[in-house]
Amino acid sequence: MTDVEATERRRPGPRTRRSGLVWVGVLIGPAAWLIQLLGNWVMGEVVSCAPAARPLGSILGLRVNAVAAIVNGALLALTVASGIVSIHRLREHPRISRSAEREPRAWLELAGVMTSSLFAVLIATSFLPIALIEGCR
């Protein structure tokens, strides 16, 4: 092997630089759901219903339900975007080129689509309690 071939082999190409995108769909959905769960609890119980909160049940002058809906909407949009990235990555490669190197990446891309879909549904269902349950009383 010549020095040029060895250098080409070690140089990170577009495939290795973009391999981080494979993990986007797998990790963003669960992270967004965790932030949503903890964030809604902190906003609803700790911040807006604290005795020092004036007016009671509001954050920065907005009702706690409105702030929670804004945060949940942003997290839902982030989860859907990560699913779209996973779908794009999955469809980017032709099905014919199934090499040993491609198999784990294809599985992760499919897992990214599935986890993004699952956690998007979980985050979307959080809008129901926001609409039905009042803030502090």
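Structure values in brief
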item	result
Residue in segment 78-98 that is surrounded by the fewest Cβ atoms within 10 Å (Cβ to Cβ), counting only those that are small (Gly, Ala, Ser) and modelled with pLDDT of 80 or more	Ala81
Contacts under 8 angstrom Cβ, first residue in segment 95-112 being over 19 Å from Ile84 (Cα atoms) and part of a helix (DSSP H, G or I), partner at pLDDT 60 or above and not basic (Lys, Arg), 6 or more apart	Arg102/His93
Pairs with Cβ under 9 Å, 6+ apart, first in segment 48-73 and closer than 21 Å to Leu128 by Cβ, second among the charged types (D, E, K, R) and surrounded by 13 or more Cβ atoms within 10 Å (Cβ to Cβ)	Ser48/Arg63; Gly57/Arg63
Residue in segment 23-34 that is modelled with pLDDT under 85 and over 30 Å from Met114 (Cα atoms) present	no
Residue list for segment 34-77, restricted to those being buried (at least 20 other Cβ atoms within 10 Å of the Cβ) and not polar (S, T, N, Q)	Gly44, Val64, Val67, Ala68, Leu75, Leu76
Within segment 38-79, tally of residues that are in a helix (DSSP H, G or I) and touching a helix residue (DSSP H, G or I) at 6+ places or on another chain (Cβ under 7 Å)	15
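The values are calculated or read from the model by the stated rules, or taken from the named source; none is laboratory data. For clarity, every value in this text was computed on a predicted model and none was experimentally measured. Here Cβ is always computed from backbone atoms with ideal geometry, including for glycine, and neighbour counts include all displayed protein chains.
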